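Only the coordinates and a few stated rules stand behind these numbers; no lab work does. Quantities reported herein were computed from a predicted structural model and do not represent experimental measurements. A quick note on method: Cβ atoms are made from the backbone with ideal geometry, for glycine too, and the neighbour counts reach across all protein chains shown.
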DNA sequence: GTCTATACTGTGATAGAC
DNA sequence: GTCTATCACAGTATAGAC
């Protein structure tokens, strides 16, 4: 994977402009996808000239690559902290909450990731099969141990995680649809979603005496 | 919305080729997005020449428009049938199953839709705010009546629907990630998902005597 | 109706002045 | 280090032969 980042990060102004460009690129790439974005758009968004962008980065692909690199770190971080306290149900629900907060606070990152996966993950497939799979497998073993101890209801850990990812990221990736369907008064959609998702996963995770439903 | 479809559908061969082109375009658009796709790719996929494609459709956008039109009809159809039998919980779970089957059988349509929404729904925003919202609101009133009758647990109907859409479509839109994380033996992922999602929503929907969790 | 050849436009990237 | 001007190419679409 060509991940040729900007080699210019020495002076204060250089770091400032690099940040400025990456922020603009995140805005553009997350909205229009990689192919749908042009350097002109990024330049306009950043308030810089096109050649100036290309002075700081070795082309459009390089900017995209840097964004993806940073993204993966940010994205895996909440999952890494899963299981550091005691109560398993609360622990998983806290992870749900954290993921939903990320959809609210970093929707552009979520959409950048979604765009990449949707189109076959051409640039991060190796990371998915490597670091992401390792971390997920590790957390699935933890969840399985909670199941074996009877602390949460029996379920498939991998699919539980898929459900958490999909329901929370939906509020960032499909925000246009969410707002269209909710119509007026969408300002509290994240609060309502929080209550709903907490209820959803708590229902499923809480063990019951009568196992059969 | 420019929805200039092919006006050529009279002879047998014309209908055949139109279908052939639309199928090829669905394959390409769903994989690379609108901007990421070229007429060359569609032509190659369809086994036709580029000018031949443009003889049948008034440009790239027209093909995309026809696909989106057909998609919306297909996509809303399962939701329209929600509530035609008796048991509310089974009814909603059947809808979940139907949606999951669609992710399995029509992943390209799902990704085409996801691509469009993700990038702000430039071509179907009106349909989301109109037909989709109307239908969703109607079904939410139905769900609310089930809640009022105590037949399912109290919850937010809109967010329940969001959860159903996101969890089921995840298996089409994020299939690359699902397969990467599951690693080997991913052939039964839809069966496992089916069991998991049925359990997930059934847990949430089934009313309890003791209301507090 | 379908093809070959080609015009036109948008976009990524570079050269060279300042 | 940053800009203006420009190149080179890919991609949409059309003209005209057959």
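Look at where the Cα atoms of region A:122-157 and of region A:160-213 average out, and the two centres are 20 Å apart. Placing a label point 7 Å from Cα along the Cα-to-Cβ direction at residue A:186 gives distances to the equivalent points in the other copies of 3.2 nm, listed shortest first. For region A:161-213, the normalised intensity computed at q = 0.13, 0.20, 0.23, 0.30 Å⁻¹ comes to -0.42, -0.77, -0.92, -1.23 (log10 of I(q)/I(0), Debye sum over alpha carbons, equal scatterers, no solvent).
Within the listed set B:63, B:42, B:13, the Gaussian network model of chain B (springs between alpha-carbon atoms below 10 Å) gives the highest mean-square fluctuation for B:13. Here the gap between residue A:185 and residue A:135, fully extended at 0.36 nm per residue and compared with their Cα-Cα distance, gives a gain of 14.2 nm.
By how many degrees, 0 to 90 and rounded to 10, does the Cα axis of helix B:12-36 deviate from the longest principal axis of chain B? So the helix axis and the longest Cα principal axis differ by about 70 degrees. Estimated from helical segments only, the mean residue ellipticity of chain B at 222 nm is -23000 deg cm²/dmol, where each DSSP H run of four or more residues counts as -39500 (n - 2.57). Size check on region A:12-63: the Cα extents along the three principal axes, sorted descending, read 31, 17, 17 Å. Which value in Å is the Kirkwood Rh of region B:1-121 over different Cα pairs? Computed over region B:1-121, the radius equals 15.7 Å.
Evaluate the Kirkwood expression for the hydrodynamic radius of region B:81-205, namely the inverse of the mean inverse distance over all pairs of different C-alpha atoms, and round to one decimal in Å. Evaluated on region B:81-205, it is 15.7 Å.
With label points set 7 Å from Cα along Cα→Cβ, the inter-copy distances at residue B:16 are 6.7 nm, sorted shortest first. Between residue B:148 and residue B:52, the simple spin-label model (points 7 angstrom out along Cα→Cβ) gives 5.9 nm. By its C-alpha gyration tensor, with a ≥ b ≥ c as the square roots of the eigenvalues, how is the protein assembly as shown shaped: rounded for a/c under 1.5, else prolate for a/b larger than b/c, else oblate? Note, shape of the protein assembly as shown comes out oblate. Between the alpha-carbon centres of region A:40-93 and region B:55-105 there is a gap of 33 Å. Starting from the label point of residue B:70 at 7 Å along Cα→Cβ, the same points in the other copies fall at 4.1 nm, in ascending order. Helix B:189-205 and the longest principal axis of the Cα set of chain B meet at an angle near 40°. Normalising the average separation of contacting C-alpha pairs (under 8 angstrom, six or more residues apart) by the number of residues puts the relative contact order of chain B at 22 percent. Looking at chain A as a GNM with Cα springs under 10 Å, which of A:155, A:79, A:182 has the largest mean-square fluctuation? Maximum among the listed residues: A:182.
Counting every alpha-carbon pair across chain A, the share separated by more than 33 Å comes to 27%. Angle of helix B:133-148 to the longest C-alpha principal axis of chain B, folded into 0 to 90 degrees and rounded to 10: 10°. Between A:126, A:149, A:114, which gets the highest mean-square fluctuation from a Gaussian network model of chain A, Cα cutoff 10 Å? For chain A, modelled as a Gaussian network with Cα springs under 10 Å, the answer is A:149.
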